[in-house]
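Reviewing the structure listed below.
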Amino acid sequence: MRKFNIRKVLDGLTAGSSSASQQQQQQQHPPGNREPEIQETLQSEHFQLCKTVRHGFPYQPSALAFDPVQKILAVGTQTGALRLFGRPGVECYCQHDSGAAVIQLQFLINEGALVSALADDTLHLWNLRQKRPAILHSLKFCRERVTFCHLPFQSKWLYVGTERGNIHIVNVESFTLSGYVIMWNKAIELSSKSHPGPVVHISDNPMDEGKLLIGFESGTVVLWDLKSKKADYRYTYDEAIHSVAWHHEGKQFICSHSDGTLTIWNVRSPAKPVQTITPHGKQLKDGKKPEPCKPILKVEFKTTRSGEPFIILSGGLSYDTVGRRPCLTVMHGKSTAVLEMDYSIVDFLTLCETPYPNDFQEPYAVVVLLEKDLVLIDLAQNGYPIFENPYPLSIHESPVTCCEYFADCPVDLIPALYSVGARQKRQGYSKKEWPINGGNWGLGAQSYSEIIITGHADGSIKFWDASAITLQVLYKLKTSKVFEKSRNKDEKPNTDIVDEDPYAIQIISWCPESRMLCIAGVSAHVIIYRFSKQEVITEVIPMLEVRLLYEISDVETPEGEQAPPLPTPVGSANPQPIPPQSHPSTSSSSSDGLRDNVPCLKVKSSPLKQSPGYQTELVIQLVWVSGEPPQQITSLAVNSSYGLVVFGNCNGIAMVDYLQKAVLLNLGTIELYGSNDPYRREPRSPRKSRQPSGAGLCDISEGAVVPEDRCKSPTSGSSSPHNSDDEQKMNNFIEKVKIKSRKFSKMVASDIAKMSRKLSLPTDLKPDLDVKDNSFSRSRSSSVTSIDKESREAISALHFCETFTRKTDSAPSPCLWVGTTLGTVLVIALNLPPGGEQRLLQPVIVSPSGTILRLKGAILRMAFLDSTGCLVPPAHEPWKEHNVPEEKDEKEKLKKRRPVSVSPSSSQEISENQYAVICSEKQAKVISLPSQNCAYKQNITETSFVLRGDIVSLSNGICLACFCANGHIMTFSLPSLRPLLDVYYLPLTNMRIARTFCFTNNGQALYLVSPTEIQRLTYSQETCENLQEMLGELFTPVETPEAPNRGFFKGLFGGGAQSLDREELFGESSSGKASRSLAQHIPGPGGIEGVKGAASGVVGELARARLALDERGQKLSDLEERTAAMLSSADSFSKHAHEMMLKYKDKKWYQF
């Protein structure tokens, strides 16, 4: 690969970097300190942005269809989306451009096509014979509203019912209207004085295609003779009709009504129904009518050869069942099963063995589309068990609150998670295979493993296998198990700062190599988990409580802040959890009766059984301070090699040694600066400014009472043994003001705290609230304008690494880099004891190094490169089973402190051999270490702000990927920060996207596109090119089952498949042309796509052609055989006839 000098790169920088910034960059190279040459392999041609796949349950579903031959299921939604499901792993997402709701879907069975009817009165024909389906034709109705469609099996004529009660007929091949129209007034004639309402049902008689059954909303049903163009029979009922279904013999049909009744009609007896059933009505004595029930929204009538028919219906419950869940009712003979559903039923379909409507249906399953789930019921087994759903449709089981994406994980990780997750599976599912099994899988070109982790509102965490554009749940962890659940609403002394979802996950920090997991929740709690394959019972859950204060000291803070005193070794080396008593409450707070030193949640005191998988190592909770709730955690990091976890919020930062179960660092953000604080932060009044969102500000003089686990500057407290009289008076005055202001604000604080937690907790009840999170939007948030912005500096990014902490360092050492919302980066040095036993006995020494770097906007992400430009990952331990006997563990402990790193050689070099990459909301900088010179700088956006920035590897190179609130996705080379990609993709329309968007290695990214769906995309050119191969095929060549054998006489007299020549009836020659103003034909873009799809599937096409030829040859040979058989039978018949004639020629009639 060609090497080039960075200076030349700077000279040749293209658009995206101003000349002023170039000058600035070049000024940052002192003459005597030249940058080393770095290989940069990534170019703009390596990048291309495209959507790959969408996973999850279709949001707001509205329509359902099934192809019984291809075994494909289609779901339409209220936003115009179309989701197609074949066998597990074969899924497809399409979108109607108009975004109008899908009201109905109809497959052209076994043709590889689908018709969709939309709420904007358009019909669309989709071609499913290509990997990415496309619209071939569209038809827009101009004068009428479409209400119902019906496409008979093996017909090309689609019946379209309208709101006015008319029926139009569309040729699905050309997508043009026939001149044949059934007008509502001709259909009902004088049977009703008023308009019958919209068409709610159309179907042809299974035994006679020339007879069309039309259901009108008002309760009128008409059997229309297509040939004679008049109604044969009219059936009237007092109640509105919701749906109609035929018995397969075509002699009876069933209607469902708005009063909860079913009426069964004989075709030839229009006067009254043969039978009226109220499935859920209470049968009253004295022969009175049963009480009316809720409407039966849909009914299906399915027959079996060997037993009673099935009548399956949704709705129809009695009105007194308030609060009862929605039900599907299955009536089979004398038994009635009522199956309760978790959500309301949108639609259902019965899956049958045959696609022919005139044969015994033999139903085997029911697909039920619910508002938020898809359920498949096995009709063949007793008790009607459900099938285990293999699709990843449970993403939204509890609303997703955060998301992380990891590509190129260790190979043993997915099997390990799968093995512990397999034990969590529910029992009682149907024993049969999932019946929706159409399509074929794509070729998995990707060989690396990918994992998605989702955090949820109920405190659960799900791990998903996302390898090769599929998705499968691996393992589910419930973080709420460590907390006491309140039995009733009165037992809520602590969780009242969050009215709902107190366990919601806000941040996930995961180390795939060591399998250490750390989460931060909405109730200001942090839980650290270890992975184990052994079950354990934890007698006492290890717990720490941290009192994270926010204090404004005098401006002249002495430099003693550089090395704050450490906690006493005895306290910090004690592996027992620190009891709450170690946080003494102040006398003022107890006299006021304010809540103090109390966490928001109560940890369980009873022993906890922990199954194989992730097991609780330590629970850390921030506590209330003098009536103020703790502030939500804004950043989190865990490091398995150091045994440390660190987290921060708008009050400050805390670091915990999870091996020794001790708090190492507990500092306000300002105290991190020491004497280097660039801001003047004097208190504006004796009572500090309160954040309107109920922020946990503490009182000025509370610094006098310092908990044991708090590291502070010795001079920052206000209690000094040498106080003068003036100071004493001032303190008394402050104390009085404080007590008054506390009483005044106590109620306000609690109310505002409740309100702010509601706003900040991302649930899907308020997806479009324009409330920007404090973590990335301080300057735009109205809630901060009334207070001193500097005083609310929050910790926004944390990164453990082994690098140069100070300019004078000659070798890298463990440290923590801290980024704040004001664009400051501070470095904290870590002095770790040796590994093995010493690590558990000696304290970790933590001290701010004094290094300070500045950027515009809040810091989002930090990473480190070595002298060759390779990413230096944080040190980590390889995973090992820790629940094993002690003697085995001894050998392993020696490895404890050996960090694993990609380029170990870099730590031995003494020259300027590392780069820090820092990305903020506004800009990115690359800093040379240890000199701390700014080597490169790029202003990412002036008018917007970066929501997510990740340093990722792609095609053997490293780049910075950013997603801006204005919808742009950008990538920059590293270390030179050359712009490589800038594409307008998706503007920030709601907080959900901002909360869940993430980039990962190998050009992958994702976000939550709706409350129930994950959209994956790629910014890699290579993945875009391979995508066509990786996608599954929906359509596969399958032979249509043979039509039922109907016998000679039935075929002669009973109508049937050949009884109606629709072409003759609906074609232009007999029915004329339709009015041009009625509907407008729009050609679809599917043509070009079709060519692409065909080019990619040449082999498939050849196979189809071969199969078609085979079929044709087989049919021709069958025909020849039949013709020969008919000739021989005709020949023998003529011989017999001749013999008979000769025998009886001369006999008289009375001689016979």
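The values are calculated or read from the model by the stated rules, or taken from the named source; none is laboratory data. Just so we're clear, the structure is a prediction, and the values are computed from it rather than from any experiment. When we count neighbours, we look across all protein chains shown, and the Cβ atoms used for this are built from the backbone with ideal geometry, even at glycine. Calculation scope for accessible area: heavy atoms of the full protein, side chains included, ligands and nucleic acids excluded. Shrake-Rupley method; radii C 1.70, N 1.55, O 1.52, S 1.80 Å.
Tell me, please, whether a residue that is crowded, with 23+ Cβ neighbours inside 10 Å, at positive phi, in a loop (DSSP other than H, G, I, E, B) and at pLDDT 95 or above can be found in segment 437-453.
Taking every residue of segment 437-453 in turn, none turns out to be crowded, with 23+ Cβ neighbours inside 10 Å, at positive phi, in a loop (DSSP other than H, G, I, E, B) and at pLDDT 95 or above.
Please work out which one of (1) more than 18 Å from V172 (Cβ to Cβ); (2) part of a strand (DSSP E or B); (3) open to solvent by 30 Å² or more (accessible area, probe 1.4 Å); (4) out of contact with any helix residue (DSSP H, G or I) (no Cβ under 7 Å at 6 or more places or on another chain) is the condition Q48 fails and give its number.
Condition not satisfied by Q48: (4).
Mind listing whichever residues of segment 181-218 are in a loop (DSSP other than H, G, I, E, B), without any contact (Cβ under 8 Å) to a residue 40 or more places away in the chain and open to solvent by 20 Å² or more (accessible area, probe 1.4 Å)?
If the condition is that a residue be in a loop (DSSP other than H, G, I, E, B), without any contact (Cβ under 8 Å) to a residue 40 or more places away in the chain and open to solvent by 20 Å² or more (accessible area, probe 1.4 Å), then M183, L190, K193, S194, H195, E217, S218 are the ones that fit.
Conditions (1) open to solvent by 10 Å² or more (accessible area, probe 1.4 Å); (2) aliphatic (A, V, I, L, M); (3) closer than 20 Å to A504 by Cα, marked per residue:
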site: P612; (1), (2), (3): yes, no, no
site: Q621; (1), (2), (3): no, no, yes
site: W624; (1), (2), (3): yes, no, yes
site: L636; (1), (2), (3): yes, yes, yes
site: N639; (1), (2), (3): no, no, no
site: F647; (1), (2), (3): no, no, yes
site: N651; (1), (2), (3): no, no, no
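Answer yes if at least one residue in segment 845-867 is loosely packed, with under 14 Cβ neighbours inside 10 Å, more than 39 Å from the chain's Cα centre (by Cα), among the aliphatic types (A, V, I, L, M) and modelled with pLDDT of 90 or more, and no otherwise.
Yes, some residue in segment 845-867 is loosely packed, with under 14 Cβ neighbours inside 10 Å, more than 39 Å from the chain's Cα centre (by Cα), among the aliphatic types (A, V, I, L, M) and modelled with pLDDT of 90 or more.
Filter segment 432-463 down to residues that are over 23 Å from V482 (Cβ atoms) and under 16 Å from the mean Cα position of the chain (by Cα), then give me how many there are.
Total satisfying the criteria: 3.
Please go through (1) open to solvent by 50 Å² or more (accessible area, probe 1.4 Å); (2) more than 26 Å from D259 (Cα to Cα); (3) aromatic (F, W, Y) for Y364 and return the number of the only condition it doesn't satisfy.
For Y364, the exception is condition (1).
Of the residues that make up segment 330-347, is at least one open to solvent by 40 Å² or more (accessible area, probe 1.4 Å) and under 21 Å from I109 (Cβ atoms)?
Looking through segment 330-347, none of the residues is open to solvent by 40 Å² or more (accessible area, probe 1.4 Å) and under 21 Å from I109 (Cβ atoms).
I'm trying to understand the selection: among the residues of segment 806-829, which are part of a strand (DSSP E or B), open to solvent by 10 Å² or more (accessible area, probe 1.4 Å) and of a type in the set (A, V, I, L, M)?
The one that is part of a strand (DSSP E or B), open to solvent by 10 Å² or more (accessible area, probe 1.4 Å) and of a type in the set (A, V, I, L, M): A829.
Against the conditions (1) part of a strand (DSSP E or B); (2) open to solvent by 20 Å² or more (accessible area, probe 1.4 Å); (3) in contact with a helix residue (DSSP H, G or I) (Cβ under 9 Å, 6 or more places away or on another chain), where does K131 fall short? Just the number, please.
(1)
Suppose we filter segment 308-319 for residues that are open to solvent by less than 40 Å² (accessible area, probe 1.4 Å) and either among the basic types (K, R) or assigned to a loop (DSSP other than H, G, I, E, B) (or both); how many remain?
Number of matching residues: 2.
Collect the residues in segment 226-235 that are under 50 Å from the mean Cα position of the chain (by Cα) and closer than 11 Å to L1065 by Cβ, keeping them in residue-number order.
Scanning segment 226-235 gives a single hit, L226.
Check A422 against each of (1) aliphatic (A, V, I, L, M); (2) surrounded by 16 or more Cβ atoms within 10 Å (Cβ to Cβ); (3) modelled with pLDDT under 95 and name the one condition it does not meet.
For A422, the exception is condition (2).
Hey, can you tell me all the residues within segment 53-99 that are of a type in the set (A, V, I, L, M) and without any contact (Cβ under 8 Å) to a residue 40 or more places away in the chain?
A81
Right, S398: in contact (Cβ under 8 Å) with a residue 12 or more places away in the chain, among the small types (G, A, S) and either surrounded by 20 or more Cβ atoms within 10 Å (Cβ to Cβ) or in contact with a Gly (Cβ under 6 Å, 6 or more places away or on another chain) (or both) or not?
Against the criterion (in contact (Cβ under 8 Å) with a residue 12 or more places away in the chain, among the small types (G, A, S) and either surrounded by 20 or more Cβ atoms within 10 Å (Cβ to Cβ) or in contact with a Gly (Cβ under 6 Å, 6 or more places away or on another chain) (or both)), S398 qualifies.
Given the conditions (1) in contact (Cβ under 8 Å) with a residue 60 or more places away in the chain; (2) within 26 Å of V75 (Cβ to Cβ), which single one is not true for L986?
(1)
Return yes or no: is L339 within 21 Å of G76 (Cβ to Cβ) and part of a strand (DSSP E or B)?
Values: within 21 Å of G76 (Cβ to Cβ): no; part of a strand (DSSP E or B): yes.
In short, no.
Among the residues of segment 266-305, write down those that are at pLDDT 90 or above, of a type in the set (D, E, K, R), open to solvent by less than 90 Å² (accessible area, probe 1.4 Å) and assigned to a loop (DSSP other than H, G, I, E, B).
If the condition is that a residue be at pLDDT 90 or above, of a type in the set (D, E, K, R), open to solvent by less than 90 Å² (accessible area, probe 1.4 Å) and assigned to a loop (DSSP other than H, G, I, E, B), then K294 is the only one that fits.
Part of a strand (DSSP E or B), at pLDDT 90 or above and buried (at least 22 other Cβ atoms within 10 Å of the Cβ) - does that describe any residue in segment 776-795?
Within segment 776-795, one or more residues are part of a strand (DSSP E or B), at pLDDT 90 or above and buried (at least 22 other Cβ atoms within 10 Å of the Cβ).
Note down all Cβ pairs under 7 Å where the first residue falls in segment 580-607 and is modelled with pLDDT of 50 or more, the second is open to solvent by 40 Å² or more (accessible area, probe 1.4 Å) and of a type outside the set (S, T, Y), and they're at least six residues apart or on different chains.
So the pair list comes out as L594/K746; N597/P580; K602/E484; K604/E484; P607/I537; P607/E539.
Restricting the search to segment 458-472, which residues are over 17 Å from P512 (Cα atoms), surrounded by 21 or more Cβ atoms within 10 Å (Cβ to Cβ) and at pLDDT 95 or above?
Pass one, segment 458-472, residues over 17 Å from P512 (Cα atoms): 458-460, 468-472.
Still in the running and surrounded by 21 or more Cβ atoms within 10 Å (Cβ to Cβ): 459, 469-471.
If the condition is that a residue be over 17 Å from P512 (Cα atoms), surrounded by 21 or more Cβ atoms within 10 Å (Cβ to Cβ) and at pLDDT 95 or above, then G459 is the only one that fits.
Based on this model, can you work out whether K372 counts as of a type in the set (K, R) and either farther than 26 Å from T263 by Cα or at pLDDT 95 or above (or both)?
It is true that K372 is of a type in the set (K, R) and either farther than 26 Å from T263 by Cα or at pLDDT 95 or above (or both).
For E111, which of the numbered conditions (1) open to solvent by 10 Å² or more (accessible area, probe 1.4 Å); (2) in a strand (DSSP E or B); (3) not β-branched (V, I, T) fails to hold?
Every listed condition holds for E111 apart from (2).
Would you check which residues across segment 523-542 are among the aliphatic types (A, V, I, L, M) and either at pLDDT below 95 or at positive phi (or both) and list them? Step through it out loud before you land on a result.
We begin by selecting, within segment 523-542, every residue among the aliphatic types (A, V, I, L, M); these are 524, 526-528, 536-537, 540-541.
Scanning segment 523-542 gives A524, V536, I537, V540, I541.
Can you pull out every residue in segment 69-102 that is more than 19 Å from L136 (Cα to Cα), open to solvent by 30 Å² or more (accessible area, probe 1.4 Å) and part of a loop (DSSP other than H, G, I, E, B)?
Hits for segment 69-102 are K71, Q78, T79, R87, P88, G89.
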